[in-house]
1. How about segment 80-96: which of its residues are in a helix (DSSP H, G or I), in contact with a helix residue (DSSP H, G or I) (Cβ under 7 Å, 6 or more places away or on another chain) and within 16 Å of ligand 2 (Cβ to nearest atom)?
2. Picking from 240, 293, which residue would you name as being in a helix (DSSP H, G or I) and over 19 Å from residue 145 (Cβ atoms)?
3. Need the failing condition index for residue 266 against (1) under 25 Å from residue 165 (Cα atoms); (2) within 15 Å of ligand 2 (Cβ to nearest atom); (3) part of a loop (DSSP other than H, G, I, E, B), just the number.
4. Can you name the number of the only condition in (1) out of contact with any strand residue (DSSP E or B) (no Cβ under 6 Å at 6 or more places or on another chain); (2) crowded, with 18+ Cβ neighbours inside 10 Å; (3) in a loop (DSSP other than H, G, I, E, B) that residue 74 fails?
5. Tell me, which residue of segment 227-237 that is in a loop (DSSP other than H, G, I, E, B) and in contact with a helix residue (DSSP H, G or I) (Cβ under 7 Å, 6 or more places away or on another chain) is surrounded by the most Cβ atoms within 10 Å (Cβ to Cβ)?
6. Could you check segment 247-261 and list, in sequence order, the residues that are within 13 Å of ligand 2 (Cβ to nearest atom) and surrounded by 24 or more Cβ atoms within 10 Å (Cβ to Cβ)?
7. When you scan segment 28-59, how many residues do you find that are closer than 17 Å to residue 80 by Cβ, exposed (fewer than 15 other Cβ atoms within 10 Å of the Cβ) and more than 9 Å from ligand 1 (Cβ to nearest atom)?
8. Taking residue 251 as the residue in question, decide whether it is within 21 Å of residue 157 (Cβ to Cβ), part of a helix (DSSP H, G or I) and within 16 Å of ligand 1 (Cβ to nearest atom).
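The values are calculated or read from the model by the stated rules, or taken from the named source; none is laboratory data. Quick caveat, the model's predicted, so the values are computed rather than measured. Methodologically, a virtual Cβ is constructed for each residue, glycine included, from the backbone with ideal geometry; neighbour enumeration extends over all protein chains shown.
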Ligand code: NAP
Ligand code: FE
């Protein structure tokens, strides 16, 4: 058994400023990657640039990362980063900005790799420039995983790239959630929930790495009612939401995500469904399928969440994210491609049959 998260992680209010020396020690010339607006609005970009200005570190800002970042975007960003002569990348934002920063860090260190070839497995592990992650959503945990999910629109593929890129430093401050709408907090918290559930219901789950999802699920249960209520999320919960998301990232860093994440990518790519709900729609049916295989694990997950059974789990998710409609033709296409996705199917404890895959699609999506 091995536990390995090589990222130096701080989860504290104002940690970008209080750990300025750590941020300045990562490199001499920085490339900052963000989405179009949120990092400017929530103060995270300003916190980082103030530290870099005070430390006389030159930087360039690339604020064009879209949701579910594409190979084209990371290719353009890598070109700019190279021209500016940077030696480290700072990703500020949700999983999209942080994943894009990881991909650019890989391209920067490997000028011979084209962005369009990022999904091709390398012959040997490749180096990457150091990455600093400043998350502003409470879902992906990308600051604590080696994973970058990139979309190649030319081949209609949304998938993790086969390179391991752990950030060198993660500065996690819940205060950036103050600008997030409740729907964004719910969507991303559902992603974190899925990371922990998929990490436990996984062939790579063991006594050692389980300490992350088991503790994280307990924390998740403590803000569950706030997510379910009609009121805005109280600011006193922001740090717990962020901490849980980072812990959920550490969970999948050891096991990887499994079937619900594998199913979500087509829903995002072809229907534009945001990542959290796209995963969440499949989660309850996956848990139901796993209950027959690993009943003790499912019991433990429900216990930690303070839920009585799988029906309660499904009702909670439906209340949070609703249901998703697709055409029957789409659903059948998604199911056919999922049945060939061994990298996810092989992670299910006890294995999963094609009929069980169909059951998850039928139970999770409304067809019209
Ligand atoms: P996101 O795509 O990064 O951001 C979603 C939206 O939220 C964007 O419009 C963004 O605006 C906005 N936003 C971000 N922070 C905000 C804040 N504090 N206040 C208000 N708005 C804010 O969403 P995400 O769910 O965090 O990331 C999803 C991506 O991560 C997907 O591609 C998914 O596949 C991937 N993912 C990665 C991992 C991993 O381990 N690497 C794990 C799970 C998922 P701006 O565009 O203006 O910034
Ligand atoms: Fe996810």
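1. Once the filter is applied, which keeps residues that are in a helix (DSSP H, G or I), in contact with a helix residue (DSSP H, G or I) (Cβ under 7 Å, 6 or more places away or on another chain) and within 16 Å of ligand 2 (Cβ to nearest atom), segment 80-96 yields only 95.
2. After ruling out the rest, the residue left standing is 240.
3. (3)
4. Exception for residue 74: condition (3).
5. Checked segment 227-237; the qualifying residue surrounded by the most Cβ atoms within 10 Å (Cβ to Cβ) is 233.
6. Selection gives 248, 249, 251, 252, 253, 257, 258, 259, 260, 261.
7. So the answer is 1.
8. Answer is no for this residue.
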